[in-house]
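Undergrad: Here it is, the structure in full.
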Amino acid sequence: MAAETQFSKQQMKCLIKFQRMEITERYLYLAVAKKARRKKENRDMILGIAEEELKHYNIWKKYSGQDVAPNYFAVFFGSLFTFIVGYVFMLKWMEKRADALFTEKNLALLAPVIPEVELVIMQDEHRHESEILSLVDREALRFVGSIVLGLNDALVEMIGSLAGFTFAYQDAKLIAITGFITGVAASLSMAASEYLSLKSEGRPDAITASVFTGAAYIIVVLLLIAPYILMPHQVYLALAMVVCAVLLIILMFNYYMAVVQSTPLWPRFLEMAVISLGVAGVSFIIGILSKTLWNIDV
C-alpha cells in the first residue's frame, strides 16, 4: 500500500518533517530518561515514549521510502538544556513543539492517505500528553508554591530596598553590603516561616520546601547586588541593571511556569513586573525623602 501511494510535493514535504521530528524526539526522550534515572517509574515511562517515537518514525519511513537523519542541533542543545532546567520542563517543551507541528492543517494533508495517522500516531501522541501531564503534576509543581514565595518576595523586597539605598547612600559598596545583609536575613526569615507554616499543616516535606524558599530568595539577592559590585562607580547605572535583571528573572520564571503549567505567559509576567517596579518606584521616592529630611550624606 505504501509503495503505491502517490504523494504531492506538499504532502511529501510534510511527511519528511514529521519523520525528522519523530527521530529527533526519540533521541531527546532518551537523553531526558537519563536525567530521570533516579526514579524508575518516570524513567520507564519516558523510555516507553521514546520507543513509540521510533515506531512512528518507521511508519513515516514506510511511506516516504527513505531514511531521515535527526536534527542533531536540537538533540545536542536539548540534551544540554535538560541538565539545566530539568527533565519535566523539557518534556512539556517537547510536547508544545510537537503540537506546533501536528496542526490540523498538516494532519489534514496526510490523514486521508495514511490510515496510521489517526489510528496509531495521534492516539499515541494524546496518550503521551496525558502521561507527561501526570508526571508534571507529581514532580514539577511539588515545590512551586515555595519557589514562588521566595522568588516573589525577594524581587519585590530587594528591588525596593536597593532603589531606596541607591539614592540614600549613593555608595555602591555600602549598598551591596547593606543589600546582602538585608537579603540574607530576609531569606532565613522566609525559610523559617515557610517551614513552620507547612509543618503546622502536617507536610512531611516542610524542610525541603523551606530550603527551596530560602534558596530562591538568596539567588535573587546575589543577582541583584552583583551590578553594584561590578560597577562600583556607577550606582545609578547599577540600579538600571538591577531593573533589567528583575525583568529578566520574572520573564524566565514565568516562561518556565507557562510551559510546565500550559498557561499564558504575558499576563503573569506583567503582573509581577508591575508589582516589583511599582515597589521600586515608591522605595526610590522614600530614599529621596529620607536623604532630604535627615540630610544623609554617606
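Undergrad: Using only Cα atoms, find the angle between the long axis of helix 266-294 and the longest principal axis of the chain, and express it within 0 to 90 degrees, rounded to the nearest 10.
TA: 10
Undergrad: Further question: Kindly sort Val85, Val282 by accessible area of their heavy atoms, largest first, with the probe set to 1.4 Å. Display every interim value, and only then the final one.
TA: On the way: Val85 40, Val282 85 Å².
Ranking Val85, Val282 by accessible area, largest first, yields Val282, Val85.
Undergrad: In addition: Using only protein heavy atoms and a 1.4 Å probe, report how much of Arg43 is accessible, in Å² to the nearest 10.
TA: 70
Undergrad: Got a number for carbon plus sulfur as a percent of region 39-132's accessible area, 1.4 Å probe? The partial results should precede the final answer.
TA: Details: 3000 of 4860 Å².
Roughly 62 percent of what the probe reaches on region 39-132 is carbon or sulfur.
Undergrad: So with the 1.4 Å probe, I'd like the accessible area per residue for region 113-219, rounded to whole Å². The partial results should precede the final answer.
TA: Working: 4900 Å² over 107 residues.
Ligands and nucleic acids excluded, the figure is 46 Å² per residue.
Undergrad: Moving on. If DNA, RNA and ligands are ignored and the probe is 1.4 Å, what is the ranking of Glu51, Glu194, Glu41 by accessible area, most exposed first?
TA: Working: Glu51 90, Glu194 25, Glu41 130 Å².
The most accessible residue leads, giving Glu41, Glu51, Glu194.
Undergrad: Enter the accessible area per residue of region 1-53 (Å², integer; probe 1.4 Å; all protein chains in place).
TA: That works out to 57 Å² per residue.
Undergrad: In what sequence, highest mean first, do 104-111, 210-217, 254-261 appear when ranked by Cβ atoms within 10 angstrom?
TA: Working: 104-111: 14.5, 210-217: 23.1, 254-261: 18.5.
So the peptides 104-111, 210-217, 254-261, ranked by packing, come out 210-217, 254-261, 104-111.
Undergrad: OK, next. Using a 1.4 angstrom probe on heavy atoms only, work out the carbon and sulfur share of the accessible area of region 154-256 in %. Display every interim value, and only then the final one.
TA: Working: 3680 of 4920 Å².
Carbon and sulfur together cover 75 percent of it.
Undergrad: What aspartates and glutamates does Lys35 reach when the alpha-carbon gap must be under 18 Å and sequence neighbours fewer than 8 apart in one chain are set aside?
TA: Result set, ordered by chain and number: Glu25, Asp44, Glu51, Glu95, Glu131, Asp137, Glu139.
The values are calculated or read from the model by the stated rules, or taken from the named source; none is laboratory data. A quick note: this is a predicted structure, and the numbers were derived from the prediction, not measured. Neighbour counts run over all protein chains shown; Cβ positions are idealised from the backbone, glycine included. All accessible areas refer to the heavy atoms of the entire protein, side chains included, with ligands and DNA or RNA removed. Shrake-Rupley method; radii C 1.70, N 1.55, O 1.52, S 1.80 Å.
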